[in-house]
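The values are calculated or read from the model by the stated rules, or taken from the named source; none is laboratory data. Everything quoted here is computed from the prediction, not taken from an experiment. We place every Cβ from the backbone using ideal geometry, glycine too, and count neighbours over all the protein chains shown.
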Amino acid sequence: MSKVKGKVAVVTGAGSGIGRALALGLAERGAQLAISDVNDAGLAETAALLASTQAKVHTAHLDVADRAAVEAYAGEVAAHFGAVHQIYNNAGISGSGGTILDASLDDYDRLLAINLWGVLHGTKAFLPHLIASGDGHVINISSLNGFMAQPMLGEYVTAKFAVRGFSEALASEMALSRTPVKVTVVHPGGVHTNIATASLEDRERRGVTVTDADRARIKLYNEKLLVMPPEKAAKIILDGVESGKPRVLVGRDAKAVDLFVRAVPRFYPRLVATFTKRVLSRTG
């Protein structure tokens, strides 16, 4: 019997990518679902796909950067289902693509509001309900950039390292107090989602100059690096959750990078810089 069967699971950023795949995977395993996104069209598509399952589904427009909205949403979901057992803090965006020198503090504010504060908001708002369930689980989506830094991803790396630290601190506190809540931090590698393309489109909407090299770099990412199907990533994550793993690495690239960073912690930034230079030379 699936360990999520009959449980109430909340998935943020469920309108596409890993979030959508998680929602569908949870439904297949017998969970009841509360799904949310800022993208109403994408969320509606996910809900339509879930209609063919037996899952009970609650949908809501939600900006995870809005603390009051997330707190209200937690109460709404708990009232709707009577209990909440799992929260998948998945919603996220990519960064500006600039260097730390060039990126503005507004760029940092914007990304951290979603990728870091969104995780904090979701965890804090739902944690009392998870505790009350007697069998709670917090699942926070970090990245391989939660243990390996890369140039021109300063905002993203900052958030994902912080998500890892926050999750591990929470896990230690739950263990210390013997609170019935497990914590899993997830580090996906290159998953085939629209996050890179969406970042490019967002920059264009905000009037930021997008060069041919930027477009070529995104094309390279989409075709060569972001290749794992979201459905496969979701299966790895859900298998890890059901096994009670505190840390889930998604993809051979995430596992290889983890070993690489552990093996040469002093030298990896320089080696990553060399790799990045080669990538840029191909797209320049």
Per the filter on the stretch 68-90, residues out of contact with any Leu (no Cβ under 8 Å at 6 or more places or on another chain), under 24 Å from Gly17 (Cβ atoms) and of a type in the set (A, V, I, L, M, F, W, C) are Ala74, Val77
Among residues of the stretch 120-156 being more than 15 Å from the chain's Cα centre (by Cα), assigned to a helix (DSSP H, G or I) and small (Gly, Ala, Ser), the residue surrounded by the most Cβ atoms within 10 Å (Cβ to Cβ) is Ala125
task = For Ser104, state whether it is surrounded by 14 or more Cβ atoms within 10 Å (Cβ to Cβ), of a type in the set (Ser, Thr, Tyr) and under 20 Å from Leu153 (Cβ atoms).
result = no
Of Phe260, Phe275, the only residue that is in a helix (DSSP H, G or I), closer than 28 Å to Ala169 by Cβ and either touching a residue at least 24 places away in the same chain (Cβ under 8 Å) or of a type in the set (A, V, I, L, M, F, W, C) (or both) is Phe260
Residue match in the stretch 157-170 (condition: of a type in the set (Lys, Arg) and surrounded by 19 or more Cβ atoms within 10 Å (Cβ to Cβ)): yes
If you go through Ser104, Ser94, the only one that is without any contact (Cβ under 8 Å) to a residue 12 or more places away in the chain, hydroxyl-bearing (Ser, Thr, Tyr) and more than 29 Å from Thr179 (Cβ to Cβ) is Ser104
Filtering the stretch 10-30 down to residues that are assigned to a loop (DSSP other than H, G, I, E, B) and either acidic (Asp, Glu) or more than 19 Å from Ile141 (Cα to Cα) (or both) yields Arg29, Gly30
Counting only residues in the stretch 42-92 that are among the aliphatic types (A, V, I, L, M) and part of a strand (DSSP E or B), the one nearest to Val138 (Cα to Cα) is identified as Ile87
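Let's see how each residue does on (1) modelled with pLDDT under 95; (2) surrounded by 14 or more Cβ atoms within 10 Å (Cβ to Cβ); (3) outside any helix (DSSP H, G or I):
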| residue | (1), (2), (3) |
| --- | --- |
| Ser199 | yes, yes, no |
| Glu204 | yes, no, no |
| Thr209 | yes, no, yes |
| Arg215 | yes, no, no |
| Leu220 | yes, yes, no |
| Lys235 | no, yes, no |
| Val248 | no, yes, yes |
| Lys255 | no, yes, no |
**Prompt:** When you look at Leu33, is it touching a Phe, Trp or Tyr at 6+ places or on another chain (Cβ under 6 Å), within 18 Å of Phe126 (Cα to Cα) and crowded, with 23+ Cβ neighbours inside 10 Å, yes or no?
**Reply:** no
